Structure formats: structure tokens, C-alpha cells
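Visitor: Structure in C-alpha cells, see below.
The values are calculated or read from the model by the stated rules, or taken from the named source; none is laboratory data. The model shown is predicted, which means the values in this text are computed figures rather than measured ones. Here Cβ is always computed from backbone atoms with ideal geometry, including for glycine, and neighbour counts include all displayed protein chains. All accessible areas refer to the heavy atoms of the entire protein, side chains included, with ligands and DNA or RNA removed. Shrake-Rupley method; radii C 1.70, N 1.55, O 1.52, S 1.80 Å.
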Amino acid sequence: MTTVLITGASAGIGAAFARRFAAEGCDLILVARDQERLERAADDLRGEFSVSVDVLVANLLNPVDCRRVADRVASGDRPVDVLVNNAGFGLAAPFPYSPLEDEERMLDLLVRVPLRLSHAAVPGMRARERGAIVNLSSMAGLLPTGTYGAAKAWITAFSESLRVDLAPYGVRVLAVCPGFTRTEFQERARMDVSALPSSAWLEADAVVTQALRDLHHNRPVSITGWRYKAFALAARHLPRAVVAKRMARPRKPPASTN
């Protein structure tokens, strides 16, 4: 029986991963900060899919909590077969206008935490010669979109490199790069996305379906939808100065900043 550990599992893409893996008969370990919400999600999954669901309440920005989750990932007792590094958040203001403490917290969650958890997962997966690591990146990683985009560019590059390192052991690694997805992410980051057309939005279930299809085919990167695939192609091949100029407008400071 496959056991899957998912961070940020109580909502959004993390919750969609949990439902999909549960529907396939996998046992789950759900990680998030909100105990009540996490327990409710676990109860729903147990009732609907009759799978084992463990809950790890953890603030991954707390070193003690992060170490506890890493220890569970590394444990040989009921080994973790699939690690989904999904937890994250964004900031509304560009780097020059954000508090340094917020920038550092975001960088820790988007870079340091998946680095630690992946490092914890690798020895066991390599020894068993099977397993998978799924890292949530973003289309923002292809663009000059502040430290969030820089962190996501790192997670994509890290995933592709790790994939090469682990391929001889039968361990798969995938970077998932969604575009704008209907979750709580934008609301929590206090981002104004009212100008985005409906065609720009993805559903979390569609992102997960594409990701698992790409994982099955051992692809390095997963992008959902032809629009975003075309966008990614353009972003990779257009001159960087052109891409930067196109992104300059949304990177202006918030109206409240003097």
C-alpha cells in the first residue's frame, strides 16, 4: 500500500492531491497548521475512501515542527512512498516594499522546507529503489516576479537536478508549475486578481490530474492547459528584457506605499 505525505494538505492544491491519492487507495499523512481543519479533512477522506489518514499538525516555519515532519518522512516505520511538498504562501507587495521578515519566512517555506523534507526522503527511497517527490513550483518561476518567482525558479531547478540524481534508483521527481488556480492562495496573500479573465484560471483538480499524468510518464515538469504551456514556451524563448518589461506594470508598489 502506497503512503503519501502531503504538506499544506488542508486546502487548495494540497487538498486536491489528498483526495486524488485517497481515491486511488493510498494511505495519507496530512501536514498543515490548522488542526481543526486538518482533522475535518482527514475524517472526510477516511469516510469516503476507507483509507488510513494520519494527521501531523505542524508549522513548518518552526524548526522543531519541521524536524518532526522530516523525522516522519525519514522513518522506516510505514515508509513514505510519495512526498508532496505543497505548503507555501505569497506576498502582495514587491520585494522593495515588503518587510524583510515576511520575505525571509516566505523563502524558508518555499525553499528551505522542501529542501529539508526531500533530503529526509531520499535515503529511504533510494534504498527501496522506488518512490516519488512532487514539488509545487509555479509559472511565476519563469518570470521576473520578485522573490516568490525566484524561489519557484529554484524549486523547479532543484527538482530537475534531483530527478537526474535519483533516476538510477527508480525514484521519480516532478516539479508542478501551475498558473493561476482557484484556491485560497490569492486571498491569503491579499492579491488583487480582479482583472484576470476567467480563461486564466485553473481548477486544483485539473492541476493534480495533469501532475499525476506527468509523474506517471516520468516527465520533469508539469504544466496544466495549452494556454500556460504556450506561455511557458514564450517565456523561455523571448528575450529576458522583453519579458521583464511586460511584467513591470504589476510589480509597481501598492497604492498605500509612500
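Visitor: Consider only pairs whose beta carbons are under 6 Å apart and that are at least six residues apart or on different chains; among these, list those whose first residue lies in region 44-63 and is of a type outside the set (A, V, I, L, M, F, W, C) and whose second residue is open to solvent by 50 Å² or more (accessible area, probe 1.4 Å).
Guide: Going by the 6 Å Cβ cut-off, the qualifying pairs are 59/33.
Visitor: Any chance you could count how many residues in region 73-102 are open to solvent by less than 50 Å² (accessible area, probe 1.4 Å) and more than 22 Å from residue 180 (Cβ to Cβ)?
Guide: 7
Visitor: Quick check on residue 158: is it aromatic (Phe, Trp, Tyr) and modelled with pLDDT of 95 or more?
Guide: yes
Visitor: Could you check how many residues of region 108-151 are modelled with pLDDT under 95 and either within 21 Å of residue 215 (Cα to Cα) or open to solvent by less than 50 Å² (accessible area, probe 1.4 Å) (or both)?
Guide: Selection size over region 108-151: 11.
Visitor: Turning to a different aspect of this structure: Just one of 74, 87, 23, 70 is more than 27 Å from residue 112 (Cβ to Cβ) and among the hydrophobic types (A, V, I, L, M, F, W, C); which is it?
Guide: None of the other options fit; the residue is 23.
Visitor: Restricting the search to region 8-34, which residues are open to solvent by 50 Å² or more (accessible area, probe 1.4 Å), modelled with pLDDT of 95 or more and not aliphatic (A, V, I, L, M)?
Guide: Hits for region 8-34 are 19, 20, 24.
Visitor: Looking at region 67-90, is at least one residue more than 22 Å from residue 166 (Cβ to Cβ) and in contact with a Ser or Thr (Cβ under 7 Å, 6 or more places away or on another chain)?
Guide: No, that holds for no residue.
Visitor: Can you name every one of the helices (runs of 4 or more DSSP H) wholly within region 49-153 that holds 1 or more residues which are touching a helix residue (DSSP H, G or I) at 6+ places or on another chain (Cβ under 6 Å) and among the basic types (Lys, Arg)?
Guide: 113-128
Visitor: Hey, another quick one. Within the set of pairs 6+ apart or on separate chains, which have a first residue in region 106-130 that is β-branched (Val, Ile, Thr), a second that is assigned to a loop (DSSP other than H, G, I, E, B), and C-beta atoms under 6 Å apart?
Guide: Pairs found: 113/60.
Visitor: Taking residue 249, is it modelled with pLDDT of 65 or more, surrounded by fewer than 11 Cβ atoms within 10 Å (Cβ to Cβ) and either closer than 30 Å to residue 126 by Cβ or out of contact with any Ser or Thr (no Cβ under 7 Å at 6 or more places or on another chain) (or both)?
Guide: Against the criterion (modelled with pLDDT of 65 or more, surrounded by fewer than 11 Cβ atoms within 10 Å (Cβ to Cβ) and either closer than 30 Å to residue 126 by Cβ or out of contact with any Ser or Thr (no Cβ under 7 Å at 6 or more places or on another chain) (or both)), residue 249 does not qualify.
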